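**Q** Quick one: this structure, given as structure tokens, is what I'll be asking you about.
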Amino acid sequence: MSLVDVLALEALRVRYPAAHDLLPASVDLLTGTSTIYQRNNGQTPREKAFVEDFTLLLDGHAQSVIRLLFPAAERLFGGSNYGSDWVPAWERDRRVACRRVLDFYLHRQLPAGRAPIRCIESVAGAIGDESALTEALGQVPDPMLDDVLKRLVPYLRDVSEEQVLPTAKALMRQLPRIRLGSTGMLSPGGEWAVLSPVRALLRTLGEDAVEPIVRSLFHSITSFYGRALLLSVVSGGSDDQGVITEDAAQSLRGISSPNFTRRVPGTLPAKGCCCKRSSWRRQVQMILPPLSRGPIPGSSRACWKARRRLCTARRWAAWRCGRKSGSPGIRW
């Protein structure tokens, strides 16, 4: 936690204990950001009651405390409005204005799957060094990897151009450790824990530098599904502008489709067995990882397009594997 916030909260607890006791029951009011549709709405009875009680208990110092510790709640006192885009910065700076940080202060316990801040700082300190970042991410337990990658995004917006490619390569190597598929009806696929920081990195580049770096990153990825997911991020869609031009995306798709060849050493029988159902299924599973360990999200068009490409690749690899015996490899 931020030292300033800790000292201010402890002073509040000692000097005004009754006001400090209001915090656990008012976490959503103190840390809740507003949208453009909520800014013209009046206060609810609960919000009015909190403002009256907090002001009375602090002897007129309520606005100063709110401005210092909980800027998102300034709107309740006639101050500025803060949107959800402020939350990552508050979380990065370990301010109690972020709900997760305030919950940790109040309950002294991290929620399940939440990585400690020393883990985030260790990974953030290795940004720009491919081997060091890969090693730092390798030390993160799998249940915490998703949280670490999501909280890494604010640190990536200030990187230099030379740091983008090695950082993106280390991040894309984490795809096999991520649980694919959506965790809820409105949640994005698990692969976006990796794709979001990669996209944030690429968006820091200028127009002249982004395409060569995307090509280098694309060729450094060995798996077909990793290439497909990267293309889904950089090519954009009907409602999202791509990082690279459509012509560049099409040329990369041409590289990854019919000419991409993988050999399966010592696994293809000389005769007959390739056309058996169990045999070609094993060959396909060796080439492509399982498509998903969760339901396919319906809300993410980019994820849906990537999954469709993977389905096509699986069918094509299966057909090539069972087409004839004695084949030197599998093409798709």
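The values are calculated or read from the model by the stated rules, or taken from the named source; none is laboratory data. What you see is a predicted model; the values in this text were computed from it and never measured. Here the Cβ is made from the backbone with ideal geometry for all residues, glycine too, and neighbour counts use every protein chain on show. Only protein heavy atoms, including side chains, enter the accessible area calculation; ligands, DNA and RNA are left aside. Shrake-Rupley method; radii C 1.70, N 1.55, O 1.52, S 1.80 Å.
**Q** Does the stretch 120-163 come out rounded, prolate or oblate by the C-alpha gyration tensor, with a ≥ b ≥ c the root eigenvalues, rounded set by a/c under 1.5 and, if not, prolate when a/b is larger than b/c and oblate if not?
**A** oblate
**Q** Additional query: What ranking, highest mean first, results for peptides 212-221, 9-18 when packing means the other Cβ atoms within 10 Å averaged over each residue?
**A** Sorting 212-221, 9-18 by mean packing, highest first, produces 212-221, 9-18.
**Q** Given a Förster radius of 30 Å and the C-beta distance between LEU22 and SER84 as r, what FRET efficiency does 1/(1 + (r/R0)^6) yield to the nearest 0.05?
**A** 0.80
**Q** Next question, about the same structure. Put PHE104, PHE50 in order of accessible area, largest first, 1.4 Å probe: what do you get?
**A** Heavy-atom accessible area, descending, gives PHE104, PHE50.
**Q** Using 7 Å Cα-to-Cβ label points, what is the ILE117/GLU74 separation (nm, one decimal)?
**A** Simple spin-label model gives 2.2 nm for this pair.
**Q** Amide H to amide H, which residues 5 or more places from VAL243 or on other chains are under 5 Å from it, using H placed in the peptide plane?
**A** SER235, GLY236
**Q** Can you give the accessible area of ARG92, probe radius 1.4 Å, in Å² rounded to 10?
**A** 80 Å²
**Q** So for each of 192-204, 79-91, 146-158 I average, over its residues, the number of other beta carbons within 10 Å; can you give me the resulting order with the highest mean first?
**A** The densest-packed peptide leads the list: 192-204, 146-158, 79-91.
**Q** Can you work out the Karplus-derived ³J(HN,Hα) for every residue in the stretch 67-73? Use 6.51 cos²θ - 1.76 cosθ + 1.60 with θ = phi - 60°, whole Hz, and x for glycine or proline.
**A** So the Karplus estimates, Gly and Pro as x, are 5, 7, 9, 10, x, 5, 8 Hz.
**Q** Rounded, prolate or oblate: which fits the stretch 1-106, taking a ≥ b ≥ c as square roots of the Cα gyration tensor eigenvalues, rounded meaning a/c under 1.5, else prolate when a/b beats b/c?
**A** In terms of gyration-tensor shape, oblate.
**Q** Report the extension gain between ASP158 and VAL14 in nm, rounded to one decimal, defined as 0.36 nm multiplied by the number of residues separating them, less their alpha carbon distance.
**A** Using 0.36 nm per residue and subtracting the Cα-Cα distance, I get 47.9 nm.
**Q** What nm distance separates the two modelled labels at SER223 and LYS48, each placed 7 Å from Cα along Cα→Cβ?
**A** If labels sit at SER223 and LYS48, their model points lie 5.6 nm apart.
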